[in-house]
Amino acid sequence: MLEKIDHIGIAVPDLDAAVAVYSRLFGIEPTHREVVASDGVETAMFEVGESRIELLGSLGPDSKIANFLVKRGGGIHHVAYGVADVQLALDHLAAEGTQLLDTAPRPGAGGRLVAFLHPRAAAGVLTEICQPDPSRPSGDH
Ligand code: CO
């Protein structure tokens with residue numbers, strides 16, 4: 001079912017500062033930056049081979065990463081796997097009794113359709129599955 005590690009999501013308390021650190025340390029610039037209003041986050045994507053690093057900054061206290069930042073102060077937030085068809089994957093996982101946070105794909109950053117599994121379903125790791133969204137331009141690819 002899993003085709004590749006699409007990206008690693010890293011929550012940061014200050015997105016501009018984190019982008020500056022990654023750029024300075026690794027000599028790379030984000031190829032894509034986008035507000036995902038439905039999640040209350042701004043994302044900055046760095047291409048790393050066939051995979052990516054997704055830095056996530058919070059836009060307010062109600063964002064999807066706000067509690068994580070309060071508890072952890074930042075760090076690895078989720079792992080995202082590329083799949084051919086998010087809905088098919090969700091249907092399979094649901095049939096297995098998997099605890100899902102999304103039962104249908106929804107728009108995510110970078111022109112992707114995304115869905116999340118509960119961390120309890122995946123060894124304590126918040127897990128995203130995603131695919132290119134055929135109905136939206138991706139921006140970077
Ligand atoms: Co993600």
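The values are calculated or read from the model by the stated rules, or taken from the named source; none is laboratory data. Everything quoted here is computed from the prediction, not taken from an experiment. Ideal geometry is used to build each Cβ from the backbone, glycine not excepted, and the neighbour counts take in all protein chains shown. Note: areas computed on protein heavy atoms with side chains; ligands, DNA, RNA excluded. Shrake-Rupley method; radii C 1.70, N 1.55, O 1.52, S 1.80 Å.
Per-structure values
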| item | result |
| --- | --- |
| At q = 0.13 Å⁻¹, base-10 log of I(q)/I(0) for the chain (Debye sum, equal scatterers on each alpha carbon) | -0.54 |
| Residue-averaged [θ]222 nm for the chain, counting only DSSP H segments that reach four residues, each worth -39500 (n - 2.57) | -6000 deg cm²/dmol |
| Estimated vicinal HN-Hα couplings, Hz - the range 118-129 in sequence order (Karplus 6.51, -1.76, 1.60; Gly, Pro = x) | 5, x, 4, 7, 9, 6, x, 10, 4, 10, 10, 10 |
| The chain, accessible area per residue, ligands and nucleic acids excluded (1.4 Å, Å²) | 52 |
| Area accessible to solvent at F26, 1.4 Å probe radius, in Å² | 120 |
| Alpha-carbon centroid distance for the pair the range 1-47 / the range 64-141, whole angstrom | 15 |
| Low-density loop positions, trypsin sites (Lys or Arg not before Pro), the range 1-45 - DSSP coil, at most 11 other Cβ in 10 Å | none |
| Loop-located GluC sites (Glu not before Pro) in the range 30-110, at most 11 other Cβ atoms within 10 Å (DSSP) | E50, E96 |
| Most fluctuating residue given options I28, I76, I65, as computed from a GNM of the chain linking Cα atoms under 10 Å | I28 |
| V79 paired with V21, simple spin-label distance in nm, labels 7 Å along Cα-to-beta-carbon | 2.2 |
